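Structure first, commentary second.
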Amino acid sequence: MAKEQLKVLNALDSAKTQWYHFTAIIIAGMGFFTDAYDLFCISIVTSLLGRLYYTVPGSSTPGTLPSNVTSAVTGVALSGTLAGQIFFGWLGDKMGRKRVYGVTLMLMIFCSIASGLSFGKEAKGVIATLCFFRFWLGFGIGGDYPLSATIMSEYANKKTRGAFIAAVFAMQGFGILAGGAVSIIVSAAFKAAYPAPAYDVNPSLSTVPQADYVWRIILMFGAVPAALTYYWRMKMPETARYTALVAKNAQQAAADMSKVLQVDLEAEPEKVEPREQGNDFGLFSKQFVQRHGLHLLGTTTTWFLLDIAFYSQNLFQKDIYTSIGWLPAAEKMSAIEEVYRIGRAQSLIALCATVPGYWFTVALIDKMGRFAIQLMGFFFMTVFMFALAIPYNHWKSPGNSTGFLIMYSLTFFFANFGPNATTFVVPAEIFPARFRSTCHGISAAAGKAGSLLGTFGFVYAVDGIGIKKTMMILGATNCLGVVFTFLVPEAKGLSLEEISGEDEEGDAAE
């Protein structure tokens, strides 16, 4: 890549922060808002699904989803996400970021609505339909990861690039908060309209027939934010770096950027000269392994290890709240009351720990750097998880639940002011443009493999060895994250071409 041929990229790197940067954050970020809402709201309604479809008449406790059904309902969307990350990541490098960006959003809109429109009234039909559409919902969500991260990194200037990418990902925190808020509003409205006694007072009346609408409305609401941003997403031009470096049309790249950003662009050649053969190496080549093999190992392992702990904690918050007595036993509540209380608990954790953690990263990532934040986050996640797990019986005793919740919240805070944000940011910066979306998709898919392990493993681990030992395993997992962080390079203050080594390729070609 001859540097004088790509003045548009230099102009983007040095461009002042302007309104379109914030517009791009909102457009890309609303996809992540929807992603988080769709992935995490399922944990709020699983208890209700158990009461509606698995209650045994005459039982002293409300119905609950069997372990295998819980794992399927919560894990199937993650399986779809994993597949979508790899597929759309690859497609984003082959066809362009913009061309496939709208497809992911349409999938999310359609499948959010379809998830709430199950077939039949029997448990098997409802759960099978729910799992089918949540898999394809996850498939669309998966595509949003590499495409949003890559688009934002390729639009941003090098001074604030980390903050811009992190801000897109930080919308996930608002999505989790929205999931709790919508659950509170819907359940409160139904609770007022259809009052019901607790299960231990009257089992048959504690789950009113109208409760079946509650979980459907909560899941279907995920289509709303996605639909609101579809038009603006389609209006975004292709990124200059894809057009110039992959499609090799610098003139078109300059024309596209001049429409949306106020940057000084000099005349560009119509076509960028191709690289010399030997420098245009492929993803599975020896050259890629030599240049970026350890980088890809670092981004995949750290995201894998993070998501084992992060998704275990998020998807099963209600079990932990119940075990420490912060939520009443299920039989002490009606079905809709339980949804209300779980939604309130999730909202409180999101508001006090999850959302602030994301925005601490946004504020400090371009000052502290990606490496320092990720290392610090994994370290404190390890400390707080062991601090919860080792004296776990102490935290369960009366009067100590507040202390437990503070410590538990701090693990979320340092996940988000730490590796949950940086594992998303770094893969969008350190790989060459022609592999950027693919490598981000591979890294994200490794994370979802970790989330699947956490989702399925947590259920059986808690049943088999208890919450205390399970939390100790999660602490050890976070400790491994500290070790593998040393494989990930620092990208602070460098252009995408400098950190990915594309400048070196260009010098060799010249």
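The values are calculated or read from the model by the stated rules, or taken from the named source; none is laboratory data. Since this is a predicted model, take the numbers as computed values, not measurements. We place every Cβ from the backbone using ideal geometry, glycine too, and count neighbours over all the protein chains shown. Heavy atoms of the whole protein, side chains included, go into the accessibility calculation; ligands, DNA and RNA do not. Shrake-Rupley method; radii C 1.70, N 1.55, O 1.52, S 1.80 Å.
The helices (runs of 4 or more DSSP H) located wholly in the stretch 156-239 that include 1 or more residues which are within 21 Å of the chain's Cα centre (by Cα) occupy 161-193, 211-220, 223-235. Applying the criterion of being open to solvent by less than 10 Å² (accessible area, probe 1.4 Å) and of a type in the set (A, V, I, L, M) to the residues of the stretch 364-378, the residue that is farthest from Val488 (Cα to Cα) is Ile365.
In the stretch 108-144, the qualifying residues are those that are of a type in the set (S, T, N, Q) and open to solvent by 10 Å² or more (accessible area, probe 1.4 Å), and the one that is farthest from the chain's Cα centre (by Cα) is Ser118. Taken over the stretch 190-212, the criterion of being surrounded by fewer than 15 Cβ atoms within 10 Å (Cβ to Cβ) and touching a Phe, Trp or Tyr at 6+ places or on another chain (Cβ under 8 Å) is satisfied by Gln210 alone. Out of curiosity, is Ser397 surrounded by fewer than 19 Cβ atoms within 10 Å (Cβ to Cβ) and within 30 Å of Pro203 (Cα to Cα)? Judged against the criteria, Ser397 is a match.
Would it be correct to say that Glu238 is open to solvent by 20 Å² or more (accessible area, probe 1.4 Å), farther than 27 Å from Leu117 by Cβ and acidic (Asp, Glu)?
Criteria met by Glu238.
Restricting attention to the stretch 485-500 and to residues that are modelled with pLDDT under 90 and assigned to a loop (DSSP other than H, G, I, E, B), the residue that is least open to solvent (accessible area, probe 1.4 Å) turns out to be Ser495.
Residue-wise test of (1) within 23 Å of Ala188 (Cβ to Cβ); (2) modelled with pLDDT of 85 or more; (3) part of a helix (DSSP H, G or I); (4) not charged (D, E, K, R).
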| residue | (1), (2), (3), (4) |
| --- | --- |
| Ile308 | no, yes, yes, yes |
| Arg341 | yes, yes, yes, no |
| Arg344 | yes, yes, yes, no |
| Ile349 | yes, no, yes, yes |
| Val355 | yes, yes, yes, yes |
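Selection of the stretch 61-71 for residues being assigned to a loop (DSSP other than H, G, I, E, B) and under 16 Å from Glu338 (Cβ atoms) yields Thr61, Pro62, Gly63, Thr64, Leu65. Is the stretch 167-187 home to any residue that is small (Gly, Ala, Ser), surrounded by 21 or more Cβ atoms within 10 Å (Cβ to Cβ) and modelled with pLDDT under 90? Yes; the residues of the stretch 167-187 include at least one that is small (Gly, Ala, Ser), surrounded by 21 or more Cβ atoms within 10 Å (Cβ to Cβ) and modelled with pLDDT under 90. Name every residue in the stretch 440-469 that is open to solvent by less than 40 Å² (accessible area, probe 1.4 Å) and free of Cβ contacts under 8 Å to residues at least 24 places away in the same chain, in order of residue number. Once the filter is applied, which keeps residues that are open to solvent by less than 40 Å² (accessible area, probe 1.4 Å) and free of Cβ contacts under 8 Å to residues at least 24 places away in the same chain, the stretch 440-469 yields Ala461, Gly466.
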